[in-house]
1. Taking Rh as the Kirkwood radius computed over C-alpha pairs, what is the Stokes-Einstein D of the range 163-246 at 37 °C in a medium of viscosity 0.692 mPa s, expressed in µm² per second?
2. What does the helix-only formula give at 222 nm for the chain: each DSSP H stretch with n ≥ 4 adding -39500 (n - 2.57), the total divided by the residues, and the result rounded to the nearest 500 deg cm²/dmol?
3. In Å², and per residue, what accessible area does the range 118-240 have when probed at 1.4 Å with the other protein chains present?
4. Taking a virtual spin label 7 Å from the Cα of R377 along the C-beta vector, which residues in the range 317-352 bring their backbone nitrogen under 17 Å of it?
5. Measure nothing but the geometry: give the 0 to 90° angle between the long axis through the Cα atoms of 207-216 and the longest principal axis through the Cα atoms of the chain, rounded to 10°.
6. By a straight-distance test (C-alpha under 17 Å), which aspartates and glutamates pair with K208 as possible cross-link partners, with residues fewer than eight away in the same chain excluded?
7. Using a 1.4 Å probe on the protein chains only, how many percent of the accessible area of the chain belongs to carbon and sulfur?
8. How large is the Kirkwood hydrodynamic radius of the range 81-158, counting all unique pairs of alpha carbons, in Å?
Amino acid sequence: MKVCILTHAYPRFPDDSTAPFVELTGETLQKHGVDVTVLLPDTPYFERSEADHNVTLQTYRYFFPRRLQLLGYSNTLVNDCSLKKYVYLLAPFLFLSGIFHLFLLTRKHQFTLIHAFWLLPNGFIGAVVCKLCKIPLMVALRGSDMLVSKQNVIFKWMARWTLNQASMVTSVTPTFFPDLEGFGIPEEKRRLILNGSHPNLFPSPSKKRLVEMRNKYSIPEDGLVIFGLGRIVLKKGFDLLIRTLPEVRKKVPQVKVIIGGDGSDLPRLKTLTLELGVSDIVEFPGTINRRDVPDYFHLCDLFVLPAIFDPSGNVDGCPNVVLEAMACGKPVVASAISGIPFVVKDGETGILVEEKNIPQLVSALISFLTDREKCLRFGEAGRQRILSELTWDNAIMQIKDVYEYCIK
């Protein structure tokens, strides 16, 4: 089986934290006997060598000079709420170049199927080529693509046409299924497939490394660490975590909060910590290299993601960081929205709270921070859930089943 994965987000260099789930999908498929080619738009920051991957990686140019290739790789949306203005200038070039290069690649490699991550732009690019070459298309929804498809009449038409060309549409959450139904996609063409993780991807750091990190962030020996990770945009809800801290520190004075990642909402969050008088216990390390991410997970006592539907209605499907925290044996406090409840078992591997409910969030944080045994019990339950149900191997077997369905 020869499959082309079509995407506009991918780790641009070995330690990049951009869309690692796309890379893990391709690499694990390759391990399971699928011949995988990944096609993605070029970016000035792309630096991969043949030695750092097992799939075939192919980039395509769509604009000149190279520094103006600004689409994809989390650069398209403002705070994940609206499209940046240059998108409307560059998008036609991306679509045309993507279709051209995918068509040539498909003719050369005779792909069995095209697997497009995100409905737009990749789903549309894949749909055109699949129709020309008469091969099946699978579209994987991620979240922001549903927002983009509603931005204007043209995008809405492109999304509808793409979905009707697809043999199957998958999602990491059923939250998007009503939208698919509105586009006329029947239930038999919709499939829920959760992402995976594995403890082997997140090895424990040495005691020396953990001591260095505690010293770096001035965490005392008995200090407790809350960790949040993701792009710093509205839908992650990190401002809600910060708003809990005046109450949390009353009960747990030795708490430290680390919020990793970068994004357009970061200046507002830093200002908020000053306004609430909690800047002394909140750290913003910025973008964390992929190789360092396991260190932060193992440093923390608790992982938190108070995700929300942002003002534009955008929401993550199911952030992979939740699975990663569980793989590291950490309890999770998160919002009971989108795909999160399908991963986190409330009262067993973590605590789910109502969206934007700060009192519930405060209560959940304190319940873990004041009960070390509970942290360990919930964390181990999460790790076992990953090992038994939510590995990448399990996810890939489901994807291969969809491939077989599409081909038939």
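1. Translational diffusion coefficient: 187 µm²/s.
2. Rounded to the nearest 500, the figure is -12500 deg cm²/dmol.
3. 42
4. 330-333, 345-352
5. Value to nearest ten degrees: 80.
6. E221, D222, D292, D295
7. Within the chain, the accessible surface is 53 percent carbon and sulfur.
8. Roughly 13.1 Å, rounded to one decimal.
The values are calculated or read from the model by the stated rules, or taken from the named source; none is laboratory data. All figures in this text were calculated on a predicted structure; none of them were measured in a lab. Note: ideal-geometry Cβ built from the backbone for every residue, glycine included; neighbour counts use all protein chains shown. Heads up: the accessible areas ignore ligands, DNA and RNA and are worked out on the full protein's heavy atoms, side chains in. Shrake-Rupley method; radii C 1.70, N 1.55, O 1.52, S 1.80 Å.
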